[in-house]
Amino acid sequence: MDVLEDYTGHVSPGGPPARRTLDALTITKVSVGPMDNNAYLLVCRATNEAMLIDAAADPERLSDVVGHSVDRPRLKTVVTTHRHADHWGALGAVAGANGSNTVAHALDADVLPIPPDVLVEHGDTVDVGEVPLTVIHLRGHTPGSIALLYRDPTGHPHLFTGDSLFPGGVGKTTSPETFGSLIEDVSTRIFDELPDETWFYPGHGDDSTLGRERPHLDEWRSRGW
């Protein structure tokens, strides 16, 4: 499978994945499924151990992203960011084929097609090889929605937000109460804690940075979505 090495944060349905290479980690983004879901393959460069964030759909395509050569990374972990079915359609197939541990928040676990091997809470750490990622619980899109944060010691932070934060606003909610919960968590647990140069990777569509979105927080809060 051809992979674009000039990473911009944009991938197209049916198009090639795009890879970003950091000092300790590679991040490969691919669009899968009819809802243009983003799946992210993270590979520790020191150990060749891998983590997949959201086995959303198209298990064969995700397998191609991992690779088929003898030196392909070992897909040890599959993290599901939240319970919505468009984010776990390939979970059973991918985890089963690779013997991967599955990870999710306890509040969304009962909806998933296979029981998670590991249940996480806010502040927990999930490792990909030698690279730690911190779990951030963002309540509102679903009860157990999580983001994963990598604080790159040689660069800016990288944040995988599922469907809780997009360019232009927070994720979809179903009531004023769930919107209030999500905008509060996104404000206090992300924007108040992380710098403008933080690059974030959403569950659908293009990437953005916190600095690009920060001026619009009050606007999002006022409009209620």
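Where a number appears in this text, it was derived from the coordinates with a stated rule and is not lab data. Predicted model only: the values in this text are computed from it and were never measured. Neighbour counts run over all protein chains shown; Cβ positions are idealised from the backbone, glycine included.
Springs between Cα atoms under 10 Å define the GNM used for the chain, and in it the highest mean-square fluctuation of LEU138, LEU148, LEU22 occurs at LEU22. Helix content alone sets the calculated 222 nm mean residue ellipticity of the chain: runs of n ≥ 4 DSSP H residues at -39500 (n - 2.57) each, divided across all residues, give -4000 deg cm²/dmol.
In region 109-191, which trypsin sites (Lys or Arg not before Pro) are in a loop and have at most 16 other Cβ atoms within 10 Å, using DSSP for the loop call?
Details: sites: ARG139, ARG151, LYS172, ARG189; in loops: ARG139, LYS172.
Qualifying residues, ordered by number: LYS172.
Here the dipole of the chain is about 160 debye; that uses its Cα centre as origin and unit charges on the Cβ of Lys and Arg (positive) and Asp and Glu (negative). For the chain, a Kirkwood radius taken over Cα pairs fed into Stokes-Einstein (25 °C, viscosity 0.890 mPa s) yields D = 142 µm²/s.
Summing +1 for each Lys or Arg and -1 for each Asp or Glu, what net charge is found among the other residues whose Cβ lies under 12 Å from the Cβ of ILE146?
Surrounding charge for ILE146 is -3.
When both region 4-62 and region 195-225 are represented by their alpha-carbon centers, they are found 21 Å apart.
Taking only the alpha carbons of region 22-112, we obtain Rg and Dmax values of 12.5, 38 Å in that order.
The GNM of the chain, with springs linking C-alpha atoms under 10 angstrom apart, assigns the highest mean-square fluctuation among GLY205, GLY162, GLY15 to GLY15.
Just the number, please: percent antiparallel of the DSSP beta bridges in the chain, rounded to the nearest 5. The antiparallel fraction comes to roughly 65 percent.
Among bridges DSSP assigns within region 1-96, what percent are antiparallel (round to 5)?
Among the beta bridges of region 1-96, antiparallel pairing accounts for roughly 75 percent.
Each Cα pair under 8 Å and six or more residues apart adds its separation to the average, and for the chain the resulting relative contact order is 14 percent.
Mind checking the log10 I(q)/I(0) for region 171-225 at q = 0.16, 0.21, 0.30 Å⁻¹? Debye, one equal scatterer per Cα, no solvent, two decimals. Here log10 of I(q) over I(0) equals -0.50, -0.85, -1.30.
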